[in-house]
Amino acid sequence: MKAIITLLIIGLTVFLWGCGDDTEETTSVEIPILLKNVREEGMYAVNVTITSTGMKPIRTEQDLAIQTDRDKVYVTVDEVPREGDWSVNINMRLVLNDRIVVYQGHSQLLFSGRDRANVSPITVKAVIHRFVATFEVTSEARLTEVGYLENGHIIVDAGESKDTLYGISSVRWDWGDGEQTEYSPDLTAKHTYIEVGNYLVTLTVKNNAPVPKSTVYQKVVQVSVQQQIRFETDGAVMHLIPAGEFEMGDHFGEGQSDERPVHTVYLDVFYMDETEVTNAMYRAFVEATGYSNIPFHWNKADDLGRLSKPHYPVIYVSWHDAMAYAKWAGKRLPTEAEWEYAARGGQVGRRYPWGNEASHAKANYSGEVEPDIWYWPAPVKRFPQNDYGLYDMAGNVWEWCMDEYDRDFYTTSPRNNPVAGGLIPLTDNDFRALTAHRVWRGGAWDGGSTSITVSNRSKSAPNSRFLKTGFRCVFPLKSQSLEEAR
């Protein structure tokens, strides 16, 4: 192995007897260096400096061939004072390739009288070599919202990786999802994941040794999603509804026959609007697109007109209107299964989002006279959220779903992500030609307590518009991509 090494002797504590002046005689001294700890052969560039108070600095430079099968070598130092006894404590460092320390040691040189040959050898030892790969995640990988939802970005930094002997030449990243980088001297990197999950990220660090070596560091990185986001297009707050399965349908045998049989459904993760789409959100859609079907009550000056205030749910919207809004927003309508799953809030065997007893303190529906009863739709957020953070999943206004209504669908429903009639692509306006009845969910202000159960189903023609009908949207993270939704 060829190497160029600089030997530097510094840090002297000297005790002198008989120091001469500038005219005193000098001689050459050979300083032995023991090689038992030296592992690298080659031509060494040796620099020796000896200094002491009252003595002219002594410096020498020379090339020295070192072979590891020898037990010692000698470094010649010229212009050492010929007369006198003196002792020098020396800290020695061997420097490789521009200030990278290879060996160091401590010894004492003893010159006695005119005998300059009796010099104690210097033993050098290898400096502890640390070759470490490590990295930190400087930006968490999570789904973020920029105009619409993008996939998760991770930023990593391997700046704490080190090789104390040779330095770092390059690094390579394996992201754990089938993607990896080429070797690069850049110690920071960015990667984009397309799905949530846990990924084993592997960092490989290569050093600058004459024969380069590499070392590896691994860390599990979690790619997660935000529990709550604000969708930029329409400004809606959306809550994460985790993937999972549930028992869909009427658990109590009290509802209509189309609510049975109870059956197991699995759904992928999705976001759902926190509230029903409000007049303010829908007005932004109308103004942005020039949509012509304006809700009936917006231009009214009577009691209906007050329902057009920004914080009320939009009403008098058809399924076609709701689909057009969803297309503009970059979302879609929920499937019937998604709607019921979200309404249950992760709870099992409940009639209502909050429990088994109807309560006017929990929802806006018709019936008993109690405080805070609304004759017509109430503003959003007037009643408590369910366990997923959603408002008005019972009562207030009926909500359109994606599904075509099929009274017997539960008898043949697929287990995974069911939707009667199939998901309707929003890439064009073909949905406007559909005429089959579509599902309503959730009940409304004018219905009784049996109409607002989480399993109750209703329906209407897709072009129908009523004072009691609105909608909310979802954004799926896996089962349907954004581009498909558009």
Discussion item. With the structure loaded, tell me whether P425 is of a type outside the set (A, V, I, L, M, F, W, C), assigned to a loop (DSSP other than H, G, I, E, B) and touching a strand residue (DSSP E or B) at 6+ places or on another chain (Cβ under 7 Å) or whether it fails that test.
Written reply: no
Worksheet entry | Test result for R332, over 22 Å from Q228 (Cα atoms) and of a type outside the set (G, A, S) | no
Fill in: Check on K478, modelled with pLDDT of 95 or more and charged (D, E, K, R)
no
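Condition test on G244, is it surrounded by 15 or more Cβ atoms within 10 Å (Cβ to Cβ), small (G, A, S) and either out of contact with any helix residue (DSSP H, G or I) (no Cβ under 7 Å at 6 or more places or on another chain) or under 30 Å from E40 (Cα atoms) (or both)?
no
Can you confirm whether E274 is under 21 Å from N386 (Cα atoms), of a type in the set (D, E, K, R) and assigned by TED's automatic domain parsing to the domain that holds F466?
So E274 fits the description; yes.
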Response to the item:
Restricting region 292-339 to residues that are crowded, with 22+ Cβ neighbours inside 10 Å and of a type in the set (G, A, S), the one nearest to L390 (Cα to Cα) turns out to be A337
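Yes or no, residue by residue, for (1) under 21 Å from L434 (Cα atoms); (2) at pLDDT below 95; (3) touching a strand residue (DSSP E or B) at 6+ places or on another chain (Cβ under 7 Å):
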| residue | (1), (2), (3) |
| --- | --- |
| A284 | no, no, no |
| F296 | no, yes, no |
| D302 | no, yes, no |
| R306 | no, yes, no |
| V317 | yes, no, yes |
| Y325 | yes, no, no |
| E336 | yes, no, yes |
| R351 | no, no, no |
| S366 | no, yes, no |
Worksheet, complete the sentence: Restricting attention to region 247-256, the residues that are at negative phi, crowded, with 18+ Cβ neighbours inside 10 Å and either assigned by TED's automatic domain parsing to the domain that holds Y199 or touching a helix residue (DSSP H, G or I) at 6+ places or on another chain (Cβ under 8 Å) (or both) number exactly 3
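Can you confirm whether T264 is surrounded by 18 or more Cβ atoms within 10 Å (Cβ to Cβ) and either among the polar types (S, T, N, Q) or not assigned by TED's automatic domain parsing to the domain that holds Y325 (or both)?
Here the answer is no, as T264 does not meet what is asked.
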Worksheet item: If we keep just the residues of region 421-449 that are among the polar types (S, T, N, Q) and more than 39 Å from the chain's Cα centre (by Cα), which is surrounded by the most Cβ atoms within 10 Å (Cβ to Cβ)?
Response: S449
Worksheet item: Do we find that F252 is among the aromatic types (F, W, Y) and either without any contact (Cβ under 8 Å) to a residue 60 or more places away in the chain or farther than 23 Å from E404 by Cα (or both) in this structure?
Response: yes
Response to the item:
Residue count, region 205-241, condition among the aromatic types (F, W, Y) and in contact with a helix residue (DSSP H, G or I) (Cβ under 8 Å, 6 or more places away or on another chain), comes to 1
Discussion item. Only one of T275, T289 is surrounded by fewer than 24 Cβ atoms within 10 Å (Cβ to Cβ), touching a residue at least 24 places away in the same chain (Cβ under 8 Å), in contact with a helix residue (DSSP H, G or I) (Cβ under 6 Å, 6 or more places away or on another chain) and among the β-branched types (V, I, T). Can you tell me which?
Written reply: T289
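The values are calculated or read from the model by the stated rules, or taken from the named source; none is laboratory data. These numbers come from a predicted model, not from an experiment. Neighbour counts run over all protein chains shown; Cβ positions are idealised from the backbone, glycine included.
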